[in-house]
Amino acid sequence: MEMKVFNSLTRRDEILAPLSGDEIRMYTCGPTVYNYAHIGNFRAYTFEDILRRVIEFNGMKVRQVMNLTDVDDKTIRGANAANVALADYTRTYKDAFFSDLKVLNVEPAEVYPAATDHIPEMIALVEKLVEKGVAYRSDDGSVYFNVRKFPQYGQLAHIDFDHQRTGARCAADEYDKENVGDFALWKAWEESDGPVGWDSPWGRGRPGWHIECSAMSMKYLGESFDLHTGGIDNCFPHHENEIAQAEAATGKRFVKTWMHCAHLRVNGEKMSKSLGNFYTLRDLLDKGWTGREIRYVLINAHYRQGLNFAFSALEDARKALSRIDECVDRIENAPPGEIPDWAAKCLEDFTAAVNDDLNIPKAFAALFDLVRQTNAHPVAPVAEAFRRMDKVLGVIFFGKAAKAEIPPEVRSMLDERAAARAAKNWAESDRLRDAISAAGWQVKDSREGQTCTRKA
Ligand code: AMP
Ligand code: ZN
């Protein structure tokens, strides 16, 4: 069966198949590591995880690159306000990001390039744009992209370019469609940058946010690749500018398919750091919700539809997951045999749903149909059908053994904690208990030592 997705560039459903070979090359805009990611950000990352898993479900390979924006306006502001080196400031949030991804059972990307490790590639790309005459150095030593030199500008965001007040220059990374103008590729050093800066042919400075993604995506995926994704707010100006930079430099089509997820909202407004209406993953774990319950809520809405965050949804997720657990526990040790027709039909419906532009709510309906029918039949060999579905959903616990299987990183924290307790270092013991909890596991102490169970 073919996998269809909605391409934001053409605004049509299209078949997703590799441009070359058997691999989909996919770039996903990653976090700006200036703070803990909030669950709105994780809506984008779980959407991308589902996308990646559906590609794999269809037998295609994936090479996914997710950047870490560790230098931009926000990271510099944060580091300088805290009076620490940029790299030290961002390290905390990089580490937190990877541990959050694990809690949410997000499959890791193949490459996580950090912007600060790719400054020479960015400078080379800016030089190329200057040579081609589409970029220019301003008096202060910044370099700007001249949007009027790239006639296709606006193709992704569908901007009616003729009716824009263009010409203004925009030094900030983010601005709205009404203020289209020349955007910064390289930003000259300013007082407020403090110790952050790199030497370049235009003087000391730092890259603009947009050039980071063009340079790193082309380095790891080639000048033309299959798929590029992000939240809908990335569409303009970030992705529009990425296209302009890449296509003006190479003369080739940058990306075939663009996909964007709608926002996670709170009381009708976008969940965002600037509005202050956000929950981090940690906030919810501290309230006793588990990674898989949060994942369930984030993925169980169509990715192109707004999703309003509510605690009642987490309660529903808890109930739904325990229904699945009970059913799977019952059939898990069924004698092997051919999948019955009624289960095969559920799997077929599931496949059709995920291949129809990632219709996960419909896929869950097929899963619950399978639960209902399984419960209505004598024990049947349907575990394989659940397993297939879970390759995409990533929320089912299989087997008492799997439930008890402690991952190596949790195991090593348990070992460290045992050592800390032996040394009566209670602060360290508590810190490790919290870290183990953040990884989705619960540790209890008894005379026999620690027991560790997966949180429900
Ligand atoms: P940032 O760290 O702000 O660059 O955002 C990282 C990713 O999260 C981007 O793909 C954004 O589009 C996405 N994002 C930010 N806020 C939300 C939200 N409320 N809902 C869904 N995605 C979001
Ligand atoms: Zn990006």
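Miscellaneous remarks
- Of the strands (runs of 3 or more DSSP E) lying entirely inside region 136-253, those containing at least 1 residues that are of a type in the set (Ser, Thr, Tyr) and within 16 Å of ligand 1 (Cβ to nearest atom) span 225-231.
- Residues that are under 18 Å from the mean Cα position of the chain (by Cα) and not in a strand (DSSP E or B) within region 64-90 comprise Asn67, Asp70, Thr90, listed in sequence order.
- Hey, Asp73 within 16 Å of ligand 1 (Cβ to nearest atom) and closer than 21 Å to Gly197 by Cβ or not: yes
- The listed residue being within 18 Å of Leu104 (Cβ to Cβ) and touching a strand residue (DSSP E or B) at 6+ places or on another chain (Cβ under 8 Å), out of Arg25, Arg52: Arg52
- In region 18-58, the residue that is modelled with the highest pLDDT out of those that are part of a loop (DSSP other than H, G, I, E, B) and closer than 21 Å to Arg388 by Cβ is Asn58.
- Scanning region 274-292 for residues that are free of Cβ contacts under 8 Å to residues at least 60 places away in the same chain and surrounded by 14 or more Cβ atoms within 10 Å (Cβ to Cβ) turns up Asn277, Trp289.
- Any chance Ile436 is under 30 Å from Met3 (Cβ atoms), crowded, with 16+ Cβ neighbours inside 10 Å and either assigned by TED's automatic domain parsing to the domain that holds Asp100 or β-branched (Val, Ile, Thr) (or both): no
The values are calculated or read from the model by the stated rules, or taken from the named source; none is laboratory data. Here the structure is a predicted model, which means the values were calculated and not measured. Cβ sites come from the backbone with ideal geometry, for glycine too, and all protein chains shown count toward neighbours.
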